[in-house]
Amino acid sequence: MDFDSALERFKGISQEKGLRLTHQRLEILRELVAAKDHPSAETVFGRVRKRLPTISLDTVYRTLSTFDEVGLIMRVPVTGDQGRFDADTSPHHHFVCSRCKSIYDFLWDEFDSLELPENSKALGRVDDRRVVIRGVCEKCSADGITN
């Protein structure tokens, strides 16, 4: 997704949810759309702070939480690590390297087309189906990293 598409989506969501289009929110969104590394809040803060020296880490945390809540971005569930964020909300899944903590996007059409088991209806309404796979990425495997 490019920034212009994300901005149009943000404008629509902002109008619908009553969110203000602040300069700080726009810069955080710009950073997330440009990032391909699924950055943490601290990483987003460091990058945005170069352009907006007065921004606070608390503002970044609150903005990311709001963006996640309204569906503008998604939080990638990474156990035992800082929260990581993805501006690409299209259907896709994530591979998390347990060594270097890199996160890679991948598609899995077969999984996406599976019918949910009948007993899953008893759990409640399913809103999203995303997989996070953990393992060792090719780079770490090739580098011989062992921990």
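FYI, it's all coordinate maths here, none of it is from the lab. A quick note: this is a predicted structure, and the numbers were derived from the prediction, not measured. Glycine gets a Cβ as well: all are built from the backbone with ideal geometry, and neighbour counts include every protein chain shown.
If only the Cβ of Lys and Arg carry +1 and only the Cβ of Asp and Glu carry -1, the dipole of the chain around its Cα centre is close to 700 debye.
Between ILE55, PHE10, VAL33, whose Cα lies farthest towards the positive end of the dipole of segment 1-106 when Lys and Arg beta carbons carry +1 and Asp and Glu beta carbons carry -1, centred on the Cα centre? Of ILE55, PHE10, VAL33, it is ILE55.
Summary of packing: across the peptides 111-121, 43-53, the per-residue average of other C-beta atoms within 10 Å ranks them, highest first, as 43-53, 111-121.
Residue-normalised convex hull volume from the C-alpha trace of the chain: 155 Å³ per residue. Over the residues of the chain, the helix contribution to mean residue ellipticity at 222 nm works out to -11500 deg cm²/dmol, using -39500 (n - 2.57) for each DSSP H run of at least 4. Net charge dipole, segment 24-87: roughly 260 debye, given to the nearest 20, about the Cα centre with Cβ charges of +1 for Lys and Arg and -1 for Asp and Glu.
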